[in-house]
Amino acid sequence: MSRSVIIGLLAISLALALSGFDRESARTAELLAIPFPTPSPMGPMPTPTLPPFFPPNEPPPLPFTSLTLEIIAPSQAVLLLQPVPLIVKLTNNGSRPALGYKALGFRTSPIYVDVRKTDASNRTPVTQLDPLQVFSNKPHAALPSGESIRSTDLLTLNLSRYFPEPGTYEIRAKLANPGRTQFIESNVVIIAVREPGPLDRPAYNLIKDSAFGEYLFSGFEFNRTETILETLATMHPQSPYARHANYLLGETYFHRRDYVRALPKLVRLENDNGFIYAEKVRRYLAEIRGGPPRP
């Protein structure tokens, strides 16, 4: 092939390539010139609304502050460093449903407690009711007319701060609404805190001298407090402290499904009908034994 023919073919190929490049460039420029669609204005986001508690054609619920809060002290007297049982009860005495809660409890409800020695002027707020206390932000629930809900709990943290010496003490509670803007105040209950006698003094000293005395019965750091709890339950079985030690041990083992260790601890409380958690003890034992709870 002659040189002139080769040069001619190269010229034709170059022209075709440039022509294709120009066409592609023109198409790219054309596409880039097309404006992107402009989003239509959305306006402000609508505020989410909660489902209504009541049908629209019924009267509105009574306000949260129309409810009645009551506390009950099942034990009129406790020893120094002994957990203090309390029942908190919320009742709707109104003629129609009211804004309330589905359940109560020291762990999840905005319950506030303060304590005052009867011969003192100042009240001391209990800064923490439960070691795992996390207030729930759930919205109101309807509490029907004439009904109530209750919780059964123990004061177990920093007892030497709130009940530092023998004497009589007032305990009062408040319950807040979910927004913490409204409060219901309870009645006042009075309990006696007593010095341990000779039979209970060894158990008391064991708690007082331990590194965990301020939260021993709360369930916090159970793996560290387990040995002291076992000592209380085994070496001081007649002491009031042993009731709480047996319960905490039995309940923890139960939830860990260690029924072999849970059973003897719970059996010690089976006939103790005055114990604040007697009903739970019967439920745990019934599940372990595979039958209905005993009355």
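Listed values, structure above:
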item	result
Residues that are without any contact (Cβ under 8 Å) to a residue 40 or more places away in the chain and hydroxyl-bearing (Ser, Thr, Tyr), drawn from region 209-234	SER210, THR225, THR227, THR231, THR234
Which numbered condition LEU155 misses (of (1) under 26 Å from PHE220 (Cβ atoms); (2) exposed (fewer than 15 other Cβ atoms within 10 Å of the Cβ); (3) touching a residue at least 12 places away in the same chain (Cβ under 8 Å))	(2)
Boolean, ASP114 is in contact (Cβ under 8 Å) with a residue 40 or more places away in the chain and buried (at least 19 other Cβ atoms within 10 Å of the Cβ)	no
Flag for PHE212 being closer than 20 Å to ARG224 by Cα, surrounded by 14 or more Cβ atoms within 10 Å (Cβ to Cβ) and not β-branched (Val, Ile, Thr)	yes
Complete set of residues in region 128-163 that are in a strand (DSSP E or B), of a type in the set (S, T, N, Q) and either at pLDDT below 95 or under 22 Å from VAL115 (Cα atoms) (or both)	SER151, THR152
Answer residue from region 164-200, given it is over 13 Å from VAL113 (Cβ atoms) and of a type in the set (Ser, Thr, Tyr) and is surrounded by the fewest Cβ atoms within 10 Å (Cβ to Cβ) among those	THR181
Within region 105-127, considering residues that are among the charged types (D, E, K, R) and in a loop (DSSP other than H, G, I, E, B), the one nearest to SER218 (Cα to Cα)	ARG107
Some residue of region 201-208 being buried (at least 17 other Cβ atoms within 10 Å of the Cβ), within 20 Å of PHE163 (Cβ to Cβ) and free of Cβ contacts under 8 Å to residues at least 60 places away in the same chain	yes
Region 201-239 - residue that is assigned to a helix (DSSP H, G or I) and of a type in the set (A, V, I, L, M) and, of those, nearest to LYS117 (Cα to Cα)	ILE207
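The values are calculated or read from the model by the stated rules, or taken from the named source; none is laboratory data. Quick caveat: nothing in here was measured; it's all calculated off a predicted structure. We place every Cβ from the backbone using ideal geometry, glycine too, and count neighbours over all the protein chains shown.
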